[in-house]
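> Sharing a structure with you now.
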Amino acid sequence: MPAPRSARRRAAAAVAAVVAVGTLVAGCDGTGSSGGRDDAKGSPDHGSGRTAAPESPGGGKPTSPLDNPDGTKPGLAPLTSDADKARGRRVIEQLRTKGRGPKTGYERDKFGYAWMDTADGVPFARNGCDTRNDLLKRDGAKLRFRSGSDCVVESMTLDDPYTGKRLEWTKRRATEVQIDHVMPLSYDWQMGAAGWSDAKRRRIANDPLNLLPVDGPANNAKRDSGPASWLPPNKRIRCAYSVRFAQVALKYDLAVTAPDKRTMLTQCGG
């Protein structure tokens, strides 16, 4: 004899509750490390075959570096007013200068594996999501996550600060968006990080202040250059980029080369 309709409704509700709990427990799978060994890294497509989760809003309007001293707000907005450029110059003027030291002994792994969630002392650390996905979530819009995850970004829209282009990105073409170290790790090494503790090197490698999701080809062109050798193709962003480079150097008490400092000041009207 069929069960009463009320009993069937109670059974269906119980199944739905179990499914909901399972989804919440799944969370982030924490496998977002690219395993790369240089400053230009994408993230591998692990080929999960899972269906993408429903679209979720993320990111937001790019933020001025002057209003984002810890790097936790989205993107990098241009500095266009004379007042903001003057404030930017005051930041850059604080920088010490010296020549780049030898690159001897530099390896990407000296700054920890990419992209670790265990670099203590920086925002987003130990939140259950790797650094790369933290940055995609911070700067991306129209985010879609892997099914059952609030960490692994499968697709998004990114307004790339370096080129000024809007990028429609999917994980299947992972390297089209890379996470740039604004102040490159090998530059850090040559400016003093060679003598740092492992913990401090892990911090600068995973500090959101030093990280921007950007157009992959632009990042590949930059390599480990300072501002005197490479600036973003998007001229509108060059002052903001210079200020962000200076903010990282000041936070970690690193010098820059004299040509780099002069170039940075010039981008902000100095």
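> Answer with yes or no whether ALA246 is surrounded by fewer than 20 Cβ atoms within 10 Å (Cβ to Cβ) and either part of a helix (DSSP H, G or I) or touching a residue at least 40 places away in the same chain (Cβ under 8 Å) (or both).
no
> Here is a further query. Return yes or no: is ARG90 in a helix (DSSP H, G or I), open to solvent by 40 Å² or more (accessible area, probe 1.4 Å) and out of contact with any Pro (no Cβ under 9 Å at 6 or more places or on another chain)?
yes
> Further question: Can we say PRO102 is in a loop (DSSP other than H, G, I, E, B), under 26 Å from LEU167 (Cβ atoms) and open to solvent by 30 Å² or more (accessible area, probe 1.4 Å)? Explain how you work it out, then say what you get.
On the way: in a loop (DSSP other than H, G, I, E, B): yes; under 26 Å from LEU167 (Cβ atoms): no; open to solvent by 30 Å² or more (accessible area, probe 1.4 Å): yes.
The answer is no for PRO102.
> Just checking, which of GLY140, GLY88 is touching a Leu at 6+ places or on another chain (Cβ under 9 Å) and farther than 30 Å from ALA194 by Cβ?
Being touching a Leu at 6+ places or on another chain (Cβ under 9 Å) and farther than 30 Å from ALA194 by Cβ holds for just one of GLY140, GLY88, which is GLY140.
> Output the number of residues of the stretch 227-240 satisfying the condition of being in contact (Cβ under 8 Å) with a residue 40 or more places away in the chain, surrounded by fewer than 24 Cβ atoms within 10 Å (Cβ to Cβ) and either aromatic (Phe, Trp, Tyr) or in contact with a helix residue (DSSP H, G or I) (Cβ under 7 Å, 6 or more places away or on another chain) (or both). First the steps, then the outcome.
Taking the stretch 227-240 and keeping what is in contact (Cβ under 8 Å) with a residue 40 or more places away in the chain, we get 227, 232-234, 236-237, 239-240.
In the following step, the residues that additionally are surrounded by fewer than 24 Cβ atoms within 10 Å (Cβ to Cβ) were identified as 233-234, 236.
Filter once more, keeping what is either aromatic (Phe, Trp, Tyr) or in contact with a helix residue (DSSP H, G or I) (Cβ under 7 Å, 6 or more places away or on another chain) (or both): 233.
Residues meeting the conditions: 1.
> Next question. For the stretch 105-117, name all the residues that are assigned to a loop (DSSP other than H, G, I, E, B) and surrounded by 13 or more Cβ atoms within 10 Å (Cβ to Cβ). If you could, list the steps in order and put the result at the bottom.
Filtering the stretch 105-117 for residues assigned to a loop (DSSP other than H, G, I, E, B) gives 105-107, 112-117.
Correct list: TYR106, GLY112, TYR113, ALA114, TRP115, MET116, ASP117.
> Pairs only if they're at least six apart or on different chains, beta carbon under 7 angstrom, first in the stretch 94-114 and among the β-branched types (Val, Ile, Thr), second surrounded by 13 or more Cβ atoms within 10 Å (Cβ to Cβ); list them, first residue then second.
THR97/ALA255; THR97/VAL256; THR97/THR257; THR97/ALA258; THR97/LYS261
> Of the conditions (1) under 24 Å from PRO259 (Cα atoms); (2) polar (S, T, N, Q); (3) not in a loop (DSSP other than H, G, I, E, B), ASN133 clears all except one; give me its number.
With respect to (1) under 24 Å from PRO259 (Cα atoms); (2) polar (S, T, N, Q); (3) not in a loop (DSSP other than H, G, I, E, B), ASN133 is out only on (1).
Residue-wise test of (1) under 25 Å from ALA221 (Cα atoms); (2) in contact (Cβ under 8 Å) with a residue 60 or more places away in the chain.
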site	(1), (2)
ASP117	no, yes
ARG126	no, no
CYS129	no, yes
SER147	no, yes
TYR162	yes, yes
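> Determine which single condition GLY269 fails, assuming it passes every other condition in (1) over 18 Å from the mean Cα position of the chain (by Cα); (2) under 17 Å from THR163 (Cα atoms).
(2)
> Here is a follow-up. Pairs only if they're at least six apart or on different chains, beta carbon under 8 angstrom, first in the stretch 62-82 and more than 15 Å from VAL214 (Cα to Cα) and in a loop (DSSP other than H, G, I, E, B), second modelled with pLDDT under 95 and open to solvent by 30 Å² or more (accessible area, probe 1.4 Å); list them, first residue then second.
Here the result reads LYS73/GLY60, each pair linking the stretch 62-82 to a residue that is modelled with pLDDT under 95 and open to solvent by 30 Å² or more (accessible area, probe 1.4 Å).
Residue-by-condition table, conditions (1) open to solvent by 60 Å² or more (accessible area, probe 1.4 Å); (2) in contact with a Leu (Cβ under 7 Å, 6 or more places away or on another chain); (3) at pLDDT 95 or above:
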| residue | (1), (2), (3) |
| --- | --- |
| ASP120 | yes, no, yes |
| ALA125 | no, no, yes |
| CYS129 | no, no, yes |
| LEU136 | no, no, yes |
| VAL153 | no, yes, yes |
| LEU158 | no, yes, yes |
| TRP169 | no, yes, yes |
| ARG172 | yes, no, no |
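The values are calculated or read from the model by the stated rules, or taken from the named source; none is laboratory data. Everything numeric here is computed off the predicted structure, so don't read it as measured data. Every residue, glycine among them, receives a Cβ derived from its backbone with ideal geometry; neighbour counts consider all protein chains shown. Side chains included, ligands, DNA and RNA excluded: accessible areas come from the protein's heavy atoms. Shrake-Rupley method; radii C 1.70, N 1.55, O 1.52, S 1.80 Å.
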